[in-house]
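Heads up: the structure comes next, in structure tokens.
The values are calculated or read from the model by the stated rules, or taken from the named source; none is laboratory data. Predicted model only: the values in this text are computed from it and were never measured. In this analysis, Cβ positions are derived from the backbone assuming ideal geometry, glycine residues included, and neighbour counts consider all displayed protein chains. To get the accessible areas, we keep the full protein, side chains included, count just its heavy atoms, and leave off ligands, DNA and RNA. Shrake-Rupley method; radii C 1.70, N 1.55, O 1.52, S 1.80 Å.
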Protein chains: 2
Amino acid sequence: MTERHSRPLLYMEVVEFIRSKIESGEWSYGEKIPSENELSDLFDVSRATLREGVAYLVTRGILRRQRGVGTFVGKKEEISGGLETLISITQWIEKHGYQAGTSGTVLLRRPLSAAEREIFKHWNLSTIGEIRRVRTANEKPVMYCVDMIPDKFMPNNVTDLGNSLFQYLEDQWGQRVTVARSTIEVTVATGEMAESLAVARGAPLLRLRQIHYNQDMEALLLSQDHFVSERFRFDIIRRRS
Amino acid sequence: MTERHSRPLLYMEVVEFIRSKIESGEWSYGEKIPSENELSDLFDVSRATLREGVAYLVTRGILRRQRGVGTFVGKKEEISGGLETLISITQWIEKHGYQAGTSGTVLLRRPLSAAEREIFKHWNLSTIGEIRRVRTANEKPVMYCVDMIPDKFMPNNVTDLGNSLFQYLEDQWGQRVTVARSTIEVTVATGEMAESLAVARGAPLLRLRQIHYNQDMEALLLSQDHFVSERFRFDIIRRRS
DNA sequence: CCATCATCTGATGTCTGACATCCTATAAGC
DNA sequence: GCTTATAGGATGTCAGACATCAGATGATGG
């Protein structure tokens, strides 16, 4: 079921290396980076492999190539980190500079709705696990999250779960979330949610309904995240295809 | 200022060709496509160039490569068409299967705010052009759009503008929008907006505040689009980097 | 002195051919 | 029938070369 991980592809190491150079500030935004020949010597890979890694970063807007001139680090503000990049809520909160926390976790099991049965049909489920949590940034509630996962992956208790569901699924079950389809909606705070988030009932919230897929493109996690939009920015980098 | 367009890169032609094969249905979703050797013969390019084109589509999730096995067309539902793909409002409405229209266009010029001056600093502007429009899908109002562009690109009248601002900027001025940074917010309908969109005052709306950049990463277009979220779906494909 | 043009240099883009590694299917052996 | 080799085909990587482009340099002519 789970993809066998042969040796990671070489050009991905190049990608990671270049990324670290940028993140460490050694190569700063807008600057020209060494030529392909120099880099392929430096990494001890062929120019073809190096180019594949660079191409990967170019299509993501992190690098920019200019024929006859050189390769440049994209400007910081172009780089992303928007909603189009899938990261865990924990990482997301931390990226905003806050400390991520969780409170009021509730674990329960229940039968599936017809729609859920369709989405999770690979797993042949009879029951589904549901996790309700309030996520906090610097102790302040910012999101109300409802996650639904196949029964078999459900943690036994809150301690097993830890802070990051993504991390738990990967460490415990080898299930890596790779892509998600999200729908953005406007909704209003109901009683329980309003209380948990400390907003007035009927206050407008942003809702992200998401289907997360694992490395084999099987639906792995269904989630509904409710945000107080004033407390969080939702940015997206949109690119012409 | 504007980038000189030398001959388009070869691998981009490969990209377009593969795209057309997929869109025409010749290669359908999930299927294996011909091997790299066959394709490089077919397109009459080297395998290196072909691979660069394929890599481009792989990082966008349109193709999937499996070492030792082959290259496959991604499943349809993975492919995108979400908000992370930048298209004009006109295209967007049409993609949903409606006929796109415009009503109540207002053109005006005004001085810049400090924030706008910062964003548009490349152009050395003294005044800015503002376009207010209601966009319709099958004659029904769905969005209230406010676009701000440098004075020099401002159309003289509504007829010049046509339906698509993107098209107008490209045809008339050679300015191609390539990327945008968008912020999603929740807001409420004010008097004029509520009337134009035929919703109650105070009704929650989704707002997209966007900065569009041209091919040289100069800010070209500032826009605030207001949507009635019930009338439109906002999907995003999110990928782990 | 300045403007224009040719030339040179270094960068990315493309080509060719080869070998390495991995996956699948088939056949051989038990 | 099950397991284990083996072969073939696919992508991944390598090496070296030439093509094309953009910017810098310097020569030339006004």
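Details
- Segments classed as strands (runs of 3 or more DSSP E), wholly inside the stretch B:110-199, with at least 1 members that are under 15 Å from B:Ser223 (Cβ atoms) and open to solvent by 20 Å² or more (accessible area, probe 1.4 Å): B:127-137, B:179-188
- Within the stretch A:70-80, not a single residue is within 16 Å of DNA strand D (Cβ to nearest atom), outside the structural domain of A:Lys152 (by TED's automatic domain parsing) and surrounded by fewer than 14 Cβ atoms within 10 Å (Cβ to Cβ).
- Condition met for A:Gly104 (facing chain B (nearest Cβ under 10 Å) and not charged (D, E, K, R)): no
- Test for A:Glu230: is it more than 19 Å from the chain's Cα centre (by Cα) and either within 28 Å of B:Leu86 (Cα to Cα) or of a type in the set (Ser, Thr, Tyr) (or both): yes
- Considering B:Val106, B:Val54, B:Val69, B:Val45, the condition of being under 19 Å from B:Gly25 (Cα atoms) and among the β-branched types (Val, Ile, Thr) is satisfied by B:Val54 alone.
- Restricting the stretch B:12-26 to residues that are within 14 Å of chain A (Cβ to nearest Cβ) and either assigned to a loop (DSSP other than H, G, I, E, B) or open to solvent by 40 Å² or more (accessible area, probe 1.4 Å) (or both), the residue that is nearest to DNA strand C (Cβ to nearest atom): B:Met12
- Remark: A:Glu77 matches the filter, which requires a residue to be modelled with pLDDT under 85 and facing chain B (nearest Cβ under 10 Å).
- Qualifying residues in the stretch B:27-48 (those that are farther than 18 Å from B:Val69 by Cα and within 11 Å of DNA strand D (Cβ to nearest atom)) - the one surrounded by the fewest Cβ atoms within 10 Å (Cβ to Cβ): B:Ser46
- Here is the figure for the stretch A:214-236: residues that are open to solvent by 10 Å² or more (accessible area, probe 1.4 Å) and either assigned to a helix (DSSP H, G or I) or facing another protein chain (nearest Cβ under 8 Å) (or both) total 6.
- Cβ-Cβ contacts under 6 Å between residues 6 or more apart (or on different chains), taken from a first residue in the stretch A:13-40 that is assigned by TED's automatic domain parsing to the domain that holds A:Gln66 to a second residue that is within 11 Å of DNA strand D (Cβ to nearest atom) and open to solvent by 50 Å² or more (accessible area, probe 1.4 Å), are listed as A:Glu36/A:Arg47; A:Ser40/A:Arg47.
- Boolean, A:Thr102 is within 22 Å of A:Tyr213 (Cβ to Cβ) and of a type in the set (S, T, N, Q): no
- Pairing each residue of the stretch A:44-59 that is in a helix (DSSP H, G or I) with any residue that is open to solvent by 20 Å² or more (accessible area, probe 1.4 Å) and among the hydrophobic types (A, V, I, L, M, F, W, C), provided the two are 6+ apart or on different chains, yields C-beta distances under 6 Å for A:Thr49/A:Leu10.
- Residues of the stretch A:1-11 that are open to solvent by 80 Å² or more (accessible area, probe 1.4 Å) and either of a type in the set (Asp, Glu) or at pLDDT 80 or above (or both): A:Glu3, A:Leu10.
- Looking only at residues in the stretch B:141-198 that are among the basic types (Lys, Arg) and over 30 Å from A:Phe227 (Cα atoms), the one that is farthest from the other protein chains (Cβ to nearest Cβ) is B:Lys152.
- Hits in the stretch A:179-237 (condition: more than 22 Å from A:Ser103 (Cα to Cα) and among the aliphatic types (A, V, I, L, M)): A:Val179, A:Ala180, A:Ile184, A:Val186, A:Ile211, A:Met217, A:Ala219, A:Leu220, A:Ile236, A:Ile237
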